[in-house]
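A.B. asks: Okay, here's the structure, questions in a sec.
The values are calculated or read from the model by the stated rules, or taken from the named source; none is laboratory data. All figures in this text were calculated on a predicted structure; none of them were measured in a lab. Cβ coordinates were reconstructed from backbone atoms using ideal geometry, including for glycine residues, and neighbour counts include every protein chain displayed. These area figures cover heavy atoms from the full protein model, side chains too; ligands, DNA and RNA do not enter into them. Shrake-Rupley method; radii C 1.70, N 1.55, O 1.52, S 1.80 Å.
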Amino acid sequence: MDLSYGKEYDEYREEVRAFIKEHGHKSPDSSKQGNKPDAEDKAWQKLLIERGYAARIIPKEYGGYGGEADLLKSVIIDEEFDEAGVSKGLGGQGISMLVPTLLELGTDEQKEKWIKPTLEGEIFWAQGYSEPGAGSDLASLQTKAHVEDGKFVINGQKIWTSSAHFADMMFILVRTEPDAPKHKGISYLLLPMDTPGIEIRPLVTMTGEATFNEVFFEDVKVPTDQIVANRGEGWMVANATLKHERGMLGDPRQSSSLLHQVVELMKTEDVNGVKLMDSPIFRDRLLKLQGRVMAMQYNSMRLLSNDLSGNVELMPILVVKLIGTHLNQDICGLAIDALGELGVLYDDSKYLRNSGMWQTRYMFMLGLIIGGGTSHIQKNIISEHGLGMPREPKPQKTA
Amino acid sequence: MEFGYSEEQKMLDESIRRFVNSEVPLDRIRELVLEGTGYDEKIWSGLAELGVLGVLIPEEFGGAGMGFLDATIIQESLGYVVAPAPFLGTSIMAPTAILAAGSDDQKNKWLPEISSGNLKVGLGLTEVTGARENAGVSFSGGKANGKAMFVIDGECADGYILAAGKDTLVWVAAGAAGLTKTRLNTVDNTRGVVELVLDGVEAELIGTQGGEAAAVQKTVDAGRTALAADLLGTSQRMLERAVEYAKERKQFNRVIASFQGLKHTCADMAANLEPCRAMVWYAAHCQQEIADEATLLACQVKSHLSEVSTPIANDTTLVHGGMGFTDLMGLHFWFKRIGLSRQLLGSPEAVREEAAVLQGWVAA
């Protein structure tokens, strides 16, 4: 057992800290998300790329830093930026999902055209995957495209499309081969959001915000070269990055940070003149959550160690999304209960605590419990892939 | 950076698993629980031959000179097969106390005997973690008086290490004049816990009187961390048995493992248990290498493993249906071992409150 990262990395950590100390004040608010990048965001992103703190391993020719893949350095950047509360640069599904996909499977022309402006925040992407009838069973998606005069013609509907209302482009899964088996009939296309025939309707969620949209397609025409990989290979293309998305949900560093905020809350708030931390009942709930957070932190340490050594263990990966998202919601739930009536204040109400983040986060976490494969789907995956239990038999067809 | 087992530890894990799987079959457990001593000569001498009884004991005292993670690897395997073996008291807690507080003479006297398997030690620290029935031991003028309850591995022990208050440790020989041992029958007969009543019993101070609070705490921490490892092994085996049974048992013309309700129950057990593994590793590592975190981790790992294991004990029994409730499956030995481990050295609520005090979240 050796938990140190080594001298080289200790030095790198100092370097990152020095950078944050010198430039951290230029960081946009790290909680600011769900908007189109503005000048401040872009300037920060540019600086991060120049210094190798964003787009670290993306080749220089495509607008990245061009560094060597170094897992520990990436971990150190994450740790230090989170700790200091500064922005890690632009997010969004273009950077997190499309860019790695193009690097792996795109043509040289596609890489040149899309990656640099995406990294710099000049092009913002929406993801067109889920449909009203294709959520957990994504491969059954029905939005279809046929070829006419050298163009794909798209008809159908997508849902849960984050950022569609301000995105410039969309990467989308459509059914191009209606006669092929469901996983083999899908293609992965790229299209501009201002193409005629696209209608966007905002979908207001329980938090009151419209972070998602429904997107309708009526005879939307896309040149046939706007495809990643070949026709019918879209499922394979999408899966290359879906795995990546699952890994991000349930990050224990977020749990740890939320827990820390509840500790501060319970040390400062009181009810009937008694500090919340002095209530044995709330205190015990807090400690129980601390135990759960710790288990996930060390699980994460195990995963990092495995990644470094090339050791492959499935189960500790499979559980992260399920356990992590519920844990985060439970932490927010404790904050709300400890605050009591104050915990249900919302919007811009008088007496609002922590800008109302506990309710917003509590509801948002439920969204994460659902999104990226609901907890029920996660449990199917854990039981089938982790424990080797059989799939539910297909229902028999009735004559 | 390397978090997990070294190559040597993987080999240790494999050899101890091979040993317990072949030498501690369910039929043997059935016989041994009737005796209820928490001890079997064959298992114990087998462990001695493997050279693991002195896992925490330096080579100069005849031990293996390994580390705490090695100790929890062994304890986990013993939990996996619900082995009646006084390893927790003898090989983990006693050496921790003796190495922390004992004189060179005492180390030379006891540690080689522990390493060879000739000396089994019961640990009476319950009055530090949660005194009941007005129990407690006092020591003065070379004599110990009072009562120690739930002495771990006490039934088969040749000697006892008892806490006299929170800051003093004494050694009492089994069979000493004035010492009365009474078996406390718990649900878990794979381990023999006893009550000791001491009436002017000759006792030997380990360390100084009133000066061993740190050694007492270290011994409690070691015990709690090892109990968490035992719970990890016990729960892991229960989960495996649930999955194995579900894959065999057929109802409605299907194996019941194909029913989603049952799959999700198993998935929940696995999802909650898997991160516990890394938590036990880290807690074990702290006992030896990170003193600042050792007590907090011992509290949290004991509490968390208990909270995860109890539903596993219930749900695995549930997955087996009516048969799970019978004696035939033998599942109840695991269920009961989890039940005892959960309470020894402090219930989850009690140890969490200690963790709160430790972090300054509440006054002591």
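A.B. asks: Please count how many residues of segment A:273-288 are assigned to a helix (DSSP H, G or I) and either open to solvent by less than 50 Å² (accessible area, probe 1.4 Å) or of a type in the set (Val, Ile, Thr) (or both).
C.D. replies: From segment A:273-288, those assigned to a helix (DSSP H, G or I) are A:276-278, A:280-288; that's our starting set.
Cutting the leftovers down to either open to solvent by less than 50 Å² (accessible area, probe 1.4 Å) or of a type in the set (Val, Ile, Thr) (or both) gives us A:276-277, A:281-284, A:286-287.
Adding up the residues that qualify gives 8.
A.B. asks: To continue, here is another question. So, of the residues in segment B:343-364 that are within 7 Å of chain A (Cβ to nearest Cβ) and assigned to a loop (DSSP other than H, G, I, E, B), which turns out to be surrounded by the most Cβ atoms within 10 Å (Cβ to Cβ)? Write out each step before concluding.
C.D. replies: Kept after step one, since they are within 7 Å of chain A (Cβ to nearest Cβ), are these residues of segment B:343-364: B:349, B:352, B:355-356, B:361-362.
Checking which are assigned to a loop (DSSP other than H, G, I, E, B) leaves us with B:361-362.
Details: B:Trp361: 19, B:Val362: 15.
The residue in question is B:Trp361.
A.B. asks: While we're looking at this one, here's another question. So, in segment A:280-289, exactly how many residues are more than 8 Å from chain B (Cβ to nearest Cβ) and free of Cβ contacts under 8 Å to residues at least 40 places away in the same chain? Don't jump to the end; show me each part of the working.
C.D. replies: In the first step, residues of segment A:280-289 are kept if they are more than 8 Å from chain B (Cβ to nearest Cβ); the result is A:281-282, A:285, A:289.
Among the residues that remain, those that are also free of Cβ contacts under 8 Å to residues at least 40 places away in the same chain are: A:281.
The qualifying residues number 1.
A.B. asks: Right, here's the next one. Take segment A:327-352 and flag every residue that is open to solvent by 20 Å² or more (accessible area, probe 1.4 Å), assigned to a helix (DSSP H, G or I) and either among the hydroxyl-bearing types (Ser, Thr, Tyr) or within 14 Å of chain B (Cβ to nearest Cβ) (or both).
C.D. replies: Listed by number, the list holds a single entry, A:Asp330.
A.B. asks: Still on this structure: Condition test on B:Gln217, is it farther than 19 Å from B:Met323 by Cα, open to solvent by 20 Å² or more (accessible area, probe 1.4 Å) and away from chain A (no Cβ under 13 Å)? Break it down into steps so the answer makes sense when it comes.
C.D. replies: Numbers: farther than 19 Å from B:Met323 by Cα: yes; open to solvent by 20 Å² or more (accessible area, probe 1.4 Å): yes; away from chain A (no Cβ under 13 Å): yes.
Yes; evaluated as a whole, the condition is true for this residue.
A.B. asks: Hey, another quick one. Being surrounded by 24 or more Cβ atoms within 10 Å (Cβ to Cβ), under 28 Å from B:Asp105 (Cβ atoms) and of a type outside the set (Lys, Arg) narrows it down to one residue among B:Gly79, B:Gly89; which is it? Talk me through it step by step, then tell me what you get.
C.D. replies: On the way: B:Gly79 fails: under 28 Å from B:Asp105 (Cβ atoms).
Step by step, each of B:Gly79, B:Gly89 is checked, and only B:Gly89 is surrounded by 24 or more Cβ atoms within 10 Å (Cβ to Cβ), under 28 Å from B:Asp105 (Cβ atoms) and of a type outside the set (Lys, Arg).
A.B. asks: Quick check on A:Leu339: is it among the aliphatic types (A, V, I, L, M), modelled with pLDDT under 95 and in the same structural domain as A:Asn272 (by TED's automatic domain parsing)? Even if it seems obvious, please write down each step before you answer.
C.D. replies: Numbers: among the aliphatic types (A, V, I, L, M): yes; modelled with pLDDT under 95: no; in the same structural domain as A:Asn272 (by TED's automatic domain parsing): yes.
So A:Leu339 fails the test.
A.B. asks: Condition first: open to solvent by 40 Å² or more (accessible area, probe 1.4 Å), farther than 26 Å from B:Met1 by Cα and either polar (S, T, N, Q) or in contact with a Ser or Thr (Cβ under 7 Å, 6 or more places away or on another chain) (or both). Can you find one or more residues in segment B:289-304 that meet it?
C.D. replies: No, every residue in segment B:289-304 fails to be open to solvent by 40 Å² or more (accessible area, probe 1.4 Å), farther than 26 Å from B:Met1 by Cα and either polar (S, T, N, Q) or in contact with a Ser or Thr (Cβ under 7 Å, 6 or more places away or on another chain) (or both).
A.B. asks: A follow-up question, please. Condition first: within 26 Å of A:Gln297 (Cβ to Cβ), open to solvent by 30 Å² or more (accessible area, probe 1.4 Å) and more than 9 Å from chain A (Cβ to nearest Cβ). Can you find one or more residues in segment B:266-285 that meet it?
C.D. replies: No.
A.B. asks: When you look at A:Asp2, is it touching a Ser or Thr at 6+ places or on another chain (Cβ under 8 Å), farther than 30 Å from A:Leu189 by Cα and charged (D, E, K, R), yes or no? Write out each step before concluding.
C.D. replies: Working: touching a Ser or Thr at 6+ places or on another chain (Cβ under 8 Å): no; farther than 30 Å from A:Leu189 by Cα: yes; charged (D, E, K, R): yes.
Here the answer is no, as A:Asp2 does not meet what is asked.
A.B. asks: Residue by residue through segment B:19-72, note down the ones that are part of a loop (DSSP other than H, G, I, E, B) and aromatic (Phe, Trp, Tyr).
C.D. replies: Of segment B:19-72, the ones part of a loop (DSSP other than H, G, I, E, B) are B:24-25, B:36-40, B:51-58, B:62-67.
The answer is B:Tyr39, and nothing else.
A.B. asks: For segment B:164-184, check the following and say yes or no: at least one residue is outside the structural domain of B:Gly89 (by TED's automatic domain parsing), among the β-branched types (Val, Ile, Thr), part of a strand (DSSP E or B) and in contact (Cβ under 8 Å) with a residue 40 or more places away in the chain.
C.D. replies: Step one: of segment B:164-184, the residues outside the structural domain of B:Gly89 (by TED's automatic domain parsing) are B:164-184.
Now restrict to residues that are among the β-branched types (Val, Ile, Thr): B:168, B:170, B:172, B:180, B:182.
With the extra rule that they be part of a strand (DSSP E or B), the set shrinks to B:170, B:172, B:180, B:182.
Applying the additional criterion that residues be in contact (Cβ under 8 Å) with a residue 40 or more places away in the chain yields none.
No, the conditions are met nowhere in segment B:164-184.
A.B. asks: Hey, can you tell me all the residues within segment B:328-357 that are modelled with pLDDT under 95 and out of contact with any helix residue (DSSP H, G or I) (no Cβ under 7 Å at 6 or more places or on another chain)?
C.D. replies: B:Leu328
A.B. asks: Would you pick out the residues in segment B:121-141 that are open to solvent by 20 Å² or more (accessible area, probe 1.4 Å) and assigned to a loop (DSSP other than H, G, I, E, B)? Show your work before the answer.
C.D. replies: Applying the first criterion (open to solvent by 20 Å² or more (accessible area, probe 1.4 Å)) to segment B:121-141 yields B:126-134, B:136, B:138-141.
Listed by number, the residues that qualify are B:Gly130, B:Ala131, B:Arg132, B:Glu133, B:Asn134, B:Gly141.
A.B. asks: Another one. Go through segment B:252-265 and count every residue that is more than 7 Å from chain A (Cβ to nearest Cβ) and in contact with a helix residue (DSSP H, G or I) (Cβ under 6 Å, 6 or more places away or on another chain).
C.D. replies: If we filter segment B:252-265 for residues that are more than 7 Å from chain A (Cβ to nearest Cβ), which is where we start, we get B:252-253, B:256, B:259, B:261-262, B:265.
Remaining after also requiring in contact with a helix residue (DSSP H, G or I) (Cβ under 6 Å, 6 or more places away or on another chain): B:256, B:262, B:265.
Qualifying residue count for the region: 3.
A.B. asks: Among the residues in segment A:27-35, are any of a type in the set (D, E, K, R), surrounded by fewer than 16 Cβ atoms within 10 Å (Cβ to Cβ) and at pLDDT below 95?
C.D. replies: Keep residues of segment A:27-35 that are of a type in the set (D, E, K, R), which gives A:29, A:32.
Right, trim to surrounded by fewer than 16 Cβ atoms within 10 Å (Cβ to Cβ) and you get A:29, A:32.
If we keep only those that are at pLDDT below 95 as well, we get A:29, A:32.
Yes - at least one qualifying residue is present in segment A:27-35.
A.B. asks: Restricting the search to segment B:142-164, which residues are more than 20 Å from B:Ala85 (Cα to Cα) and surrounded by fewer than 18 Cβ atoms within 10 Å (Cβ to Cβ)?
C.D. replies: B:Gly142, B:Lys143, B:Asn145
A.B. asks: For segment A:74-85, which positions are open to solvent by 40 Å² or more (accessible area, probe 1.4 Å) and either touching a Ser or Thr at 6+ places or on another chain (Cβ under 7 Å) or not hydroxyl-bearing (Ser, Thr, Tyr) (or both)?
C.D. replies: Here is the first cut: in segment A:74-85, the ones open to solvent by 40 Å² or more (accessible area, probe 1.4 Å) are A:74, A:78-79, A:82-85.
Scanning segment A:74-85 gives A:Asp78, A:Glu79, A:Asp82, A:Glu83, A:Ala84, A:Gly85.
A.B. asks: Is it the case that some residue within segment B:242-250 is closer than 28 Å to A:His385 by Cβ, hydroxyl-bearing (Ser, Thr, Tyr), more than 11 Å from every other protein chain (Cβ to nearest Cβ) and within 22 Å of the chain's Cα centre (by Cα)? Don't jump to the end; show me each part of the working.
C.D. replies: If we filter segment B:242-250 for residues that are closer than 28 Å to A:His385 by Cβ, which is where we start, we get B:242-250.
Add one more test, that the residue is hydroxyl-bearing (Ser, Thr, Tyr), and what stays is B:245.
Next, from what is left, pick out any that are more than 11 Å from every other protein chain (Cβ to nearest Cβ): B:245.
Keeping just the survivors that are within 22 Å of the chain's Cα centre (by Cα) gives none.
Looking for residues that are closer than 28 Å to A:His385 by Cβ, hydroxyl-bearing (Ser, Thr, Tyr), more than 11 Å from every other protein chain (Cβ to nearest Cβ) and within 22 Å of the chain's Cα centre (by Cα), one finds none in segment B:242-250, hence no.
A.B. asks: Give, as residue ranges, the helices (runs of 4 or more DSSP H) completely inside segment A:1-101 that count at least 3 residues that are among the β-branched types (Val, Ile, Thr). Working first, answer last.
C.D. replies: On the way: elements: A:7-23, A:39-51, A:71-84.
So the answer is A:71-84.
A.B. asks: Looking at segment A:290-326, which of its residues are surrounded by 20 or more Cβ atoms within 10 Å (Cβ to Cβ) and either more than 10 Å from chain B (Cβ to nearest Cβ) or closer than 22 Å to B:Gly360 by Cα (or both)?
C.D. replies: The answer is A:Gln290, A:Gly291, A:Arg292, A:Val293, A:Met294, A:Ala295, A:Thr325.
A.B. asks: Are there any pairs with C-beta distances below 6 angstrom linking a residue in segment B:298-312 that is more than 10 Å from every other protein chain (Cβ to nearest Cβ) and over 16 Å from B:Glu354 (Cβ atoms) to a residue that is assigned to a helix (DSSP H, G or I) and of a type outside the set (A, V, I, L, M, F, W, C), with the two at least 6 apart or on different chains, and if so which?
C.D. replies: So the pair list comes out as B:Ser309/B:Ser235; B:Ile312/B:Ser235.
A.B. asks: I want to confirm something. Restricting to segment A:251-272 and keeping residues that are open to solvent by less than 70 Å² (accessible area, probe 1.4 Å) and either without any contact (Cβ under 8 Å) to a residue 60 or more places away in the chain or in contact with a Cys (Cβ under 9 Å, 6 or more places away or on another chain) (or both), which single residue is farthest from the other protein chains (Cβ to nearest Cβ)?
C.D. replies: Applying the filter and picking the extreme gives A:Leu258.
A.B. asks: Right, something else. Among all residue pairs at least 6 apart or on different chains, which show Cβ distances below 6 Å where the first residue, located in segment A:110-136, is part of a loop (DSSP other than H, G, I, E, B) and the second is open to solvent by less than 20 Å² (accessible area, probe 1.4 Å) and among the small types (Gly, Ala, Ser)?
C.D. replies: Listed pairs, sorted by first residue: A:Phe124/A:Ala167.
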